[in-house]
Amino acid sequence: MRAWSLAELAAELGGDLEPAPGAVEAIAIVGVLGIDDAGPEHISFISNRRYLRRLAHTRAGAVLVDRQAPARGATVIRVDDPYLAFARALALFHPVHAAQPGVHPAAVVDQSAVVDGAEIRALAYVGPGAVVGPGSVLHPGAHVGAGAVVGRDCLLMANAVVCDGCELGDRVVLNPGAVVGSEGFGFAPTPSGHVKIPQVGRAVVESDVELGANTCVDRAALGLTRVGRGTKTDNLVQVGHAAEVGEHGLLVAYSAIAGSTRLGRFVTLAAKALVLGHLRLGDGVQVGAGSMVTGDLEPGAKATGYPAFEHRAWRRAALALKELPSALRRIKALEERVADVPKDDGA
């Protein structure tokens with residue numbers, strides 16, 4: 001692992017180095033650690049201002065902070081966005097290893113498949129007519145079905161699956177157990193049981209998408225299920241058949257999108273958020289944790305609750321809910337007082 005000087009790191013991260021009084025600038029930085037764990041050979045970061053007080057006690061060689069943060073006696077590198085600089089610093093110290101093109105003898109690659117400059121590790125499978133692009137890496141247990149397409153520089157971790165006829169763009173990451181093109185949940189109910197509706201469509205995942213572990217993107221019964229460019233999902237996310245996720249979405253753990261629903265660009269679903277089927281969510285919509293969306297949402301809307309409604313109204317309702325028991329007691333007391341008031345018989 002390469003060591004970096006503070007000046008080199010500041011230049012690489014687009015920041016300004018501000019040494020503490022008496023600090024040694026020529027130290028070698030070999031990694032990134034949290035503010036409480038870092039030593040002189042590490043850099044750290046603070047993106048939340050409530051933790052700035054820790055600057056006075058850190059042993060880190062330098063700390064990434066925003067442009068206006070007080071240094072409090074520490075060596076700092078001032079950047080526009082400390083969290084983004086932290087991500088870039090981690091990438092410097094933990095670079096992605098380039099693919100080593102070749103097919104392991106214990107892998108299974110059909111003779112009709114096209115594997116162009118990709119690394120196919122032991123126990124991976126590439127089916128008939130499939131295409132795996134240059135720079136892509138298939139870990140053990142990865143499965144690329146018949147006629148499927150995997151673009152350039154993709155990473156399919158252990159037991160990730162691209163089902164028959166489905167497609168990944170470039171630089172797609174499938175974490176362990178992620179599935180693209182699983183059967184859509186379609187059944188016709190009858191008095192004698194549920195009749196399966198054949199799912200003959202496809203699933204397409206565009207470039208620069210990352211799907212978390214055990215995320216499932218179902219193929220459509222007809223047509224396409226699509227996950228837009230730059231979207232990131234956490235673990236255990238469900239994208240239903242014929243759904244469409246716009247570009248740069250963020251889908252947090254256990255969130256789910258039912259069939260034929262359309263999400264715009266930069267939509268965020270917090271943990272356990274559910275979106276029912278055949279709905280439309282506009283660009284920039286944010287859905288709170290544990291919420292269930294039952295109707296269309298306009299661009300920029302923020303919704304929370306079960307069922308979900310406007311976030312600020314939900315907060316007021318949540319605060320009012322805490323007062324409900326005492327309000328009920330007061331109402332009961334008032335009812336008892338009214339009941340004790342002598343009735344006027346009109347005489």
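Filter the range 239-277 down to the residues that are of a type outside the set (Gly, Ala, Ser) and either touching a residue at least 40 places away in the same chain (Cβ under 8 Å) or not assigned by TED's automatic domain parsing to the domain that holds ALA303 (or both), then identify the one that is nearest to GLU298 (Cα to Cα).
Taking the range 239-277 as the starting set, the residues that turn out to be of a type outside the set (Gly, Ala, Ser) are 239, 241, 244-245, 247-248, 250-252, 254, 257, 261-263, 265-269, 272, 274-276.
After this cut, where a residue has to be either touching a residue at least 40 places away in the same chain (Cβ under 8 Å) or not assigned by TED's automatic domain parsing to the domain that holds ALA303 (or both) as well, the list is 241, 247.
Working: HIS241: 23, GLU247: 17 Å.
The qualifying residue nearest to GLU298 (Cα to Cα) is GLU247.
If you check ALA99 against the conditions, is it outside any helix (DSSP H, G or I), in contact (Cβ under 8 Å) with a residue 12 or more places away in the chain and within 30 Å of ILE120 (Cβ to Cβ)?
So ALA99 fits the description; yes.
All but one of (1) of a type outside the set (S, T, N, Q); (2) more than 21 Å from SER136 (Cβ to Cβ); (3) touching a Ser or Thr at 6+ places or on another chain (Cβ under 6 Å); (4) surrounded by fewer than 24 Cβ atoms within 10 Å (Cβ to Cβ) hold for ARG229; state the number of the condition that does not hold.
(2)
Name every residue in the range 3-13 that is out of contact with any Asp or Glu (no Cβ under 7 Å at 6 or more places or on another chain) and touching a residue at least 40 places away in the same chain (Cβ under 8 Å), in order of residue number.
TRP4, LEU9, GLU12, LEU13
Would you mention how many residues in the range 17-50 are farther than 15 Å from LEU90 by Cα and not in a loop (DSSP other than H, G, I, E, B)?
Result for the range 17-50: 5.
Can you run down the residue pairs with Cβ atoms below 9 Å, 6 or more apart or on separate chains, where the first is in the range 214-231 and within 14 Å of GLY249 (Cβ to Cβ) and the partner is hydroxyl-bearing (Ser, Thr, Tyr) and surrounded by fewer than 18 Cβ atoms within 10 Å (Cβ to Cβ)?
From the range 214-231, the pairs are ARG229/SER207; GLY230/SER207.
Keeping to the range 65-96, report how many residues are in contact with a Gly (Cβ under 7 Å, 6 or more places away or on another chain) and either without any contact (Cβ under 8 Å) to a residue 60 or more places away in the chain or outside any loop (DSSP other than H, G, I, E, B) (or both).
5
Picking from GLY290, GLY277, which residue would you name as being in a loop (DSSP other than H, G, I, E, B), surrounded by fewer than 17 Cβ atoms within 10 Å (Cβ to Cβ) and in contact with a Ser or Thr (Cβ under 6 Å, 6 or more places away or on another chain)?
Criteria check complete, one pass: GLY277.
Residues of the range 180-226 being within 19 Å of ARG265 (Cα to Cα), over 16 Å from the mean Cα position of the chain (by Cα) and surrounded by fewer than 19 Cβ atoms within 10 Å (Cβ to Cβ), which ones?
Scanning the range 180-226 gives a single hit, LEU224.
Within the range 304-326, is there a residue that is assigned to a loop (DSSP other than H, G, I, E, B) and in contact (Cβ under 8 Å) with a residue 12 or more places away in the chain?
So far as the range 304-326 goes, yes, one or more of its residues are assigned to a loop (DSSP other than H, G, I, E, B) and in contact (Cβ under 8 Å) with a residue 12 or more places away in the chain.
The values are calculated or read from the model by the stated rules, or taken from the named source; none is laboratory data. This structure is a prediction, so every number in the text was calculated from the model and none was measured. Neighbour counts run over all protein chains shown; Cβ positions are idealised from the backbone, glycine included.
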